[in-house]
1. Efficiency by 1/(1 + (r/R0)^6): what FRET value for S193 and A224, r their Cβ-Cβ distance, R0 = 30 Å, to the nearest 0.05?
2. Take every Cα-Cα pair in segment 33-82 and report what % of them are more than 18 Å apart.
3. Please give the net charge around G77, taking every other residue with its beta carbon less than 13 angstrom from that of G77, where Lys and Arg add +1 and Asp and Glu add -1.
4. Rg(Cα) of segment 166-239 divided by 2.2 N^0.38 Å?
5. Using Cβ counts within 10 Å as a stand-in for footprinting exposure, how do V191, V201 rank, fewest first?
6. Where does the Debye-calculated log10 I(q)/I(0) of segment 1-150 sit at q = 0.10, 0.20, 0.21 Å⁻¹, using only Cα point scatterers of equal weight, no solvent?
7. What is the gain in length, in nm to one decimal, between I142 and R126 on full extension, counting 0.36 nm per residue of separation less the C-alpha to C-alpha distance?
8. Restricting everything to alpha-carbon atoms, can you work out Rg to Rh for segment 87-225 with a Kirkwood hydrodynamic radius?
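Read-outs throughout are calculated quantities, based only on the coordinates presented, and are distinct from any laboratory measurement. Values in this document were obtained by computation on a predicted structure and should not be read as measured data. Using ideal geometry, Cβ is built from the backbone for each residue, glycine included, and neighbour counts are taken over all protein chains shown.
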Amino acid sequence: MRRALITGGSGTLGAAITTELARAGVHVIVHAHRNAAQAQAVSERIRASGGSAEVAIFDVSDSEDCAHQLGLLLKEGPLQVVVHNAGITADAPMAGMSAEQWSTVIDVSLNGFFNVTKPALLPMLRTRWGRIIAMSSVAAIIGNRGQANYAAAKAGLHGAVKALAIEVASRGVTVNAIAPGIIESPMTKSVFSNEDITRLVPMKRAGTPEEVASVVGFLCSEQASYVSGQIVAVSGAMA
């Protein structure tokens, strides 16, 4: 059975992704940092419905913690799917943005991608099959007021994905990014009114976590074996 690590797997979108991959017969490792109880709940739901899952708790922005925890996971065998979904926001206009707001967002989204992907690469490459997906955002494509840090972190993922895709292409490993737009979640409801969504999204609605997860599922499947180095917007035509 192939094994998948989904960072940020305890959140709304992460839970949908882990559920989708588990449904496809993959053993999923539900990662969390501060939300261990939520990750455990996601894992238990998957196992209760016949899937295979476990939980991993570590800080993706801490390179030493990542190296240690990934080392433990890799003792059980290679990770053939890595979905880096962990991310945070710390919004502020750049003129009023602190250095900490800038760096912490980049540490989780961009440095976190390096920290979790690098240890998994060589074991993955030896199997000559792998899927690496970085969860980005339409903010990286079109920008968003007050999110220079977030947009920069996610746009950095685009460059990393395109370069890494070339490096591993001959070994049966694909690397892609998905850029969701406004997706239904408790956080989205607190930020965007229905009027905001109608104004911003050409499709006049928020997307669902399941709609994003289905794209992840496709990119992790055999059917997507010739799709690599791509930035796939799931945004209702926002980008």
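1. Details: r = 36 Å, r/R0 = 1.19.
For S193 and A224, the calculated efficiency is 0.25.
2. Numbers: 517 of 1225 pairs.
The answer is 42 percent, as a whole percent.
3. Numbers: positive: R2, R3, K75, R126; negative: E54, E76.
Taking every other residue near G77 into account, the sum is +2.
4. Values: Rg = 15.0 Å, N = 74, 2.2 N^0.38 = 11.3 Å.
My calculation over the Cα atoms of segment 166-239 gives 1.33.
5. Ordered from fewest to most neighbouring Cβ atoms within 10 Å, V191, V201 come out as V191, V201.
6. For the requested q values the scattering log ratios are -0.35, -1.20, -1.28.
7. 2.0 nm
8. Dividing the radius of gyration by the Kirkwood radius yields 1.01.
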